[in-house]
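These notes are about the structure you will find just below.
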Amino acid sequence: MLPRLDSIKPARLKIGLTQHKLASLTGVSTSMINQIESGRCQPSYATARKIFEVLGSLENQSSMKAGDICSKEITKLKTTDSLHDAIKKMQEYSISQIPVFDGNDVVGLISEDGLVKHLIASDETQRKKIKLSEVMEPRPPIVEYNTPAKTLVPLVRFSKCILVSKHSKIIGIITASDTLKMME
């Protein structure tokens with residue numbers, strides 16, 4: 001059973017969708033959406049179902065928060081760890097970036113890209129001596145647990161990862177692959 005047709009407009013407005021955008025997402029005309037919302041037209045069951053499916057999907061996406069999609073298990077490194085330690089952890093956990101901490105504070109990031117630059121210029125002995133504090137990249141962005149997840153997609157495109165905090169404590173990490181959870 002579908003929701004009432006008069007719930008379409010409030011649902012559309014709640015997620016900030018225009019009639020034109022809803023029409024394009026559902027494959028019906030903007031005029032048809034306008035007529036349905038104003039009560040001047042009764043859509044077919046299939047059309048109504050498609051409209052509610054699209055609204056439901058978009059509402060679920062818009063209600064997800066950073067805390068809902070982040071990975072709670074964070075692999076960490078310390079500024080005093082070596083390049084060799086970073087390589088071993090990345091291989092062990094099959095990850096491409098690791099935040100670097102100084103105590104409880106995030107101070108930088110080690111990524112595959114950054115490591116490759118230093119691998120070329122060093123040998124095994126040097127890698128064990130080079131401290132991460134000397135070669136780490138800037139700290140990744142940190143967002144609050146309740147940050148809307150849909151706002152994170154552009155940010156994760158330009159950052160290698162995003163850290164998630166709750167009550168000023170880092171509790172999770174978001175990578176590009178984590179944003180795919182919004183599609184499930």
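The values are calculated or read from the model by the stated rules, or taken from the named source; none is laboratory data. Everything quoted here is computed from the prediction, not taken from an experiment. Virtual Cβ from ideal backbone geometry, glycine too; neighbours counted across all protein chains shown. Protein only, heavy atoms only, side chains kept; ligands, DNA and RNA dropped before computing areas. Shrake-Rupley method; radii C 1.70, N 1.55, O 1.52, S 1.80 Å.
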> List the pairs whose first member sits in region 115-142 and is loosely packed, with under 11 Cβ neighbours inside 10 Å, whose second member is in a helix (DSSP H, G or I), and whose Cβ atoms are under 8 Å apart, counting only residues at least 6 apart or on separate chains?
Replying inline: Glu124/His84
> Is it the case that some residue within region 109-117 is in a loop (DSSP other than H, G, I, E, B), over 15 Å from Gly172 (Cα atoms) and of a type in the set (S, T, N, Q)?
Replying inline: no
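Looking only at residues in region 164-179 that are over 20 Å from Asp113 (Cα atoms) and free of Cβ contacts under 8 Å to residues at least 60 places away in the same chain, which one is surrounded by the most Cβ atoms within 10 Å (Cβ to Cβ)?
Within region 164-179, the subset over 20 Å from Asp113 (Cα atoms) is 164-172, 179.
From what's left, free of Cβ contacts under 8 Å to residues at least 60 places away in the same chain: 165, 167-168.
Values: Ser165: 17, His167: 7, Ser168: 8.
Among those residues, the one meeting the criterion is Ser165.
Taking region 1-24 on its own, how many of its residues are open to solvent by less than 60 Å² (accessible area, probe 1.4 Å), of a type in the set (A, V, I, L, M, F, W, C) and within 17 Å of Lys150 (Cβ to Cβ)? If you could, list the steps in order and put the result at the bottom.
Just the residues of region 1-24 that are open to solvent by less than 60 Å² (accessible area, probe 1.4 Å), to begin with: 2, 5, 7-8, 11-12, 15, 17, 19, 22-23.
Remaining after also requiring of a type in the set (A, V, I, L, M, F, W, C): 2, 5, 8, 11, 15, 17, 22-23.
From the residues that got through so far, the ones that are within 17 Å of Lys150 (Cβ to Cβ) too are 11, 15, 17, 22.
Selection size over region 1-24: 4.
Out of all the residues in region 143-163, which are part of a helix (DSSP H, G or I) and either in contact with a Phe, Trp or Tyr (Cβ under 7 Å, 6 or more places away or on another chain) or in contact (Cβ under 8 Å) with a residue 12 or more places away in the chain (or both)? Walk me through it before giving the result.
Taking region 143-163 first, the residues part of a helix (DSSP H, G or I) are 149-158.
Correct list: Ala149, Lys150, Leu152, Val153, Leu155, Val156, Arg157.
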> Say we look at region 62-78 and pick out the residues that are farther than 30 Å from Asp102 by Cα and surrounded by 15 or more Cβ atoms within 10 Å (Cβ to Cβ); which of these is nearest to the chain's Cα centre (by Cα)?
Replying inline: Met64
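For region 153-163, how many residues meet the condition of being open to solvent by less than 20 Å² (accessible area, probe 1.4 Å) and in contact with a helix residue (DSSP H, G or I) (Cβ under 6 Å, 6 or more places away or on another chain)? Let's see the steps before the verdict.
Within region 153-163, the first condition is being open to solvent by less than 20 Å² (accessible area, probe 1.4 Å), and the residues that meet it are 156, 161-163.
Narrowing the set further to residues that are in contact with a helix residue (DSSP H, G or I) (Cβ under 6 Å, 6 or more places away or on another chain) leaves 156, 162.
Here the count works out to 2.
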>> Return the residues of region 25-42 that are surrounded by 14 or more Cβ atoms within 10 Å (Cβ to Cβ) and assigned to a helix (DSSP H, G or I); say none if nothing qualifies.
In response: Leu25, Thr26, Thr30, Met32, Ile33, Asn34, Gln35, Ile36, Glu37
>> What's the total number of residues in region 77-108 that are among the basic types (Lys, Arg) and either in a helix (DSSP H, G or I) or out of contact with any strand residue (DSSP E or B) (no Cβ under 8 Å at 6 or more places or on another chain) (or both)?
In response: 2
> Quick check, is Arg49 among the charged types (D, E, K, R), open to solvent by 60 Å² or more (accessible area, probe 1.4 Å) and part of a loop (DSSP other than H, G, I, E, B)?
Replying inline: no
> How many residues, within region 22-36, are more than 32 Å from the chain's Cα centre (by Cα) and within 15 Å of Leu5 (Cα to Cα)?
Replying inline: 4
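So which residues in region 59-74 are at pLDDT below 85 and assigned to a loop (DSSP other than H, G, I, E, B), if there are any at all? Don't jump to the end; show me each part of the working.
So in region 59-74, the residues at pLDDT below 85 come out as 59-64.
Hit for region 59-74 is Met64, nothing else.
Give me a count of the residues in region 4-24 that are assigned to a loop (DSSP other than H, G, I, E, B) and either in contact with a helix residue (DSSP H, G or I) (Cβ under 6 Å, 6 or more places away or on another chain) or among the charged types (D, E, K, R) (or both).
The first filter runs over region 4-24 and keeps only residues assigned to a loop (DSSP other than H, G, I, E, B), leaving 4, 15-18.
Those still in the list that are either in contact with a helix residue (DSSP H, G or I) (Cβ under 6 Å, 6 or more places away or on another chain) or among the charged types (D, E, K, R) (or both) too: 4, 15.
Within region 4-24, residues that are assigned to a loop (DSSP other than H, G, I, E, B) and either in contact with a helix residue (DSSP H, G or I) (Cβ under 6 Å, 6 or more places away or on another chain) or among the charged types (D, E, K, R) (or both) number 2.
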